[in-house]
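Heads up, the thing below is written out as structure tokens.
Nothing in this text is a laboratory measurement; each read-out follows from the coordinates by a stated rule. The model shown is predicted, which means the values in this text are computed figures rather than measured ones. Here the Cβ is made from the backbone with ideal geometry for all residues, glycine too, and neighbour counts use every protein chain on show.
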Amino acid sequence: MPINMSAERGFTLLELVIASSLLALLGLSTALVLSSGLTSAEQLDSRSSQLQQLDRALLIVQQDIAAMLPRANRASDSLNLSPDSRQALWGYGSPYPEHGLLLEFVRPSPWATSPWSGLQRVRYKVQTQQLIREHVDLADPAPGAPWQRRVLLQGLKSPELLFLSRKNWYPQWQPGPMGDQIPDAILLKFSTKPWGGLQFVLITGVQQ
């Protein structure tokens, strides 16, 4: 009786090569999907971290601006002005060329029991694309006083401030002709990755 050889025929070399190629492609596609998922997760984590940093920085700036006091303060040594110069706020539309200063003012210390019992001198600078907050727990610090320094944001580009007083915006702050020591609000503009151009209106909270 003739034997059916096709029923017992093994895989040919070509079939094995094709099967191996298909398995390799399947493994590659699976690896690509997993890699893409990991990359997306890493990007999501990075964006989330950047957003949290932005939120924290804006909260600190907002709290400082809201607590700004209309107190005429002596110019600190960083301003390179006469010590007899006095005003509640030194504010510049863009970082001052010599030291990157944007704002300098006095607020109640966060640990004070009343608005005037403990005062804190605060200044904001932009240096090497970093938004920096510095403070000292004195309203009128002596030259050489130690300032505490904290970097709030990185990758800051094109920072700009505008100051609102009596419905008008000004590119630099000077005490107003009506005796206004501090503005009604400050408009903060800047650009940063990955958010692009941003702007925020910060309200001063102390009645003059």
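Summary of packing: across the peptides 55-61, 194-200, the per-residue average of other C-beta atoms within 10 Å ranks them, highest first, as 55-61, 194-200. Put simply, the C-alpha atoms of the stretch 62-203 give a gyration tensor, and the ellipsoid matching it has half-axes of 23, 19, 15 Å, longest first.
When peptides 92-104, 149-161 are sorted by average Cβ neighbour count within 10 Å, with the highest value leading, the order is 92-104, 149-161. Between LEU59 and PHE200, full extension at 0.36 nm per residue minus the direct alpha carbon distance yields a gain of 49.6 nm.
Ranked by the mean number of other Cβ atoms within 10 Å per residue, highest first, peptides 64-72, 137-145 order as 64-72, 137-145. Here the Karplus relation 6.51 cos²θ - 1.76 cosθ + 1.60, evaluated at θ = phi - 60°, turns the backbone of the stretch 86-102 into coupling constants of 9, 6, 6, 9, 9, x, 10, x, 9, x, 4, x, 6, 9, x, 5, 10 Hz, with x for every Gly and Pro. Rounded to the nearest 0.05, the FRET efficiency derived from the C-beta distance between LEU138 and GLU160 at R0 = 41 Å is 0.90.
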